[in-house]
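Everything on this sheet refers to the single structure shown next.
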Amino acid sequence: MAITSYTELKTAVADWLNRADLDQQIPDFITLAESTLNDVLRTSYMVASSAVSLSSGRASLPADALEIVYAQVANTEDEPLEQITAQQLVMLRRARTRLAANPKFFAVVGRQMLVTPTPASGSVDVDFYQKIPALSGSNTTNWLLEEAPHVYLYTALLHATPFLMDDARYQVFNNAVSQQVMSAVRSSQTLSFDDIKSAGFSLNSPSDIGSSSTSPLASTAGA
């Protein structure tokens, strides 16, 4: 059967489990599947954009953000921000970026983005991996169900097996989920022509900060 809606997904899970008595549990299996996939899946379909407002060098990340892919000073294409660690950001603030200016670096601490230099005001355009929109009675489909219903199905079945105490099928579904997630990630990397990049992260500081040819950030990375 085609799986194009939340109702059809629930029916498919019941059919694959060959059980007609799990109406209360199947929505939980699907919710758990979404949680698992949010942890491990990174694909171009998950990328969203938002502008976040800065206040005292800080900005709250979108509530559904999983990981930052790219950030730049708002509406300024030639001023991308480079992601560094919180410790590196503190070192830069102390040593090199005390004066107010457009930010050039950012670090993520908790659910906030910290930038340096610290501007008097402004905002940052952020591209980020977004949580999978949760299926429900009012939200009956999303991009994952449209593009990869098999990933949804196998992951929901995986979470059903502990409830059913079916150890044998757990490994089968776990292998299927792993293969399907890896396939989805590879497809996304092929689309972006980038199979080795760790999204949004580099230890090389921009050449327009300071006159030294040696990056202090790179020197602290292995410390």
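Read-outs throughout are calculated quantities, based only on the coordinates presented, and are distinct from any laboratory measurement. Values in this document were obtained by computation on a predicted structure and should not be read as measured data. Please note: Cβ atoms are built from the backbone with ideal geometry, for glycine as well, and neighbour counts cover all protein chains shown.
The GluC sites (Glu not before Pro) found in the stretch 29-107 that occupy coil by DSSP, while having at most 10 further C-beta atoms within 10 Å, are Glu77. Placing pseudo-labels 7 Å out from each Cα toward the beta carbon at Thr4 and Ala95 gives an inter-label distance of 5.9 nm. Computed FRET efficiency, Cβ-Cβ of Thr76 and Asn142, R0 30 Å: what is it to the nearest 0.05? Once rounded, the FRET efficiency stands at 0.40.
Semi-axes of the equivalent ellipsoid of the stretch 100-155 are 38, 12, 10 Å, computed as sqrt(5λ) over the eigenvalues of the C-alpha gyration tensor in descending order.
Ser49 to Asp28: FRET efficiency via 1/(1 + (r/R0)^6), r the Cβ-Cβ distance, R0 30 Å, to the nearest 0.05? Kindly include the intermediate steps, with their values, before the conclusion.
Working: r = 32 Å, r/R0 = 1.06.
For R0 = 30 Å, the calculated efficiency reads 0.40.
Label point of Val172 set 7 angstrom out along Cα-Cβ; within the stretch 1-25, amide nitrogens under 19 Å from it belong to 1, 11-22.
Between Glu67 and Thr85, the modelled labels are 1.8 nm apart [label points 7 Å from Cα along Cα→Cβ]. Which number comes out as Rg/Rh for the stretch 1-118 once both Rg and the Kirkwood Rh are worked out on C-alpha atoms? We get a ratio of 1.21 for the stretch 1-118.
Would you mind getting me the FRET efficiency between Ala134 and Val109? Use the beta-carbon distance for r and R0 = 35 Å, nearest 0.05.
Details: r = 26 Å, r/R0 = 0.75.
Calculated transfer efficiency: 0.85.
For the stretch 1-91, the relative contact order works out to 11 percent when only alpha carbon pairs closer than 8 Å and six or more residues apart are counted. Close amide H pairs (under 5 Å, H built 1.01 Å from N) link Phe105 with Glu82, Thr116, residues at least 5 positions away or on another chain.
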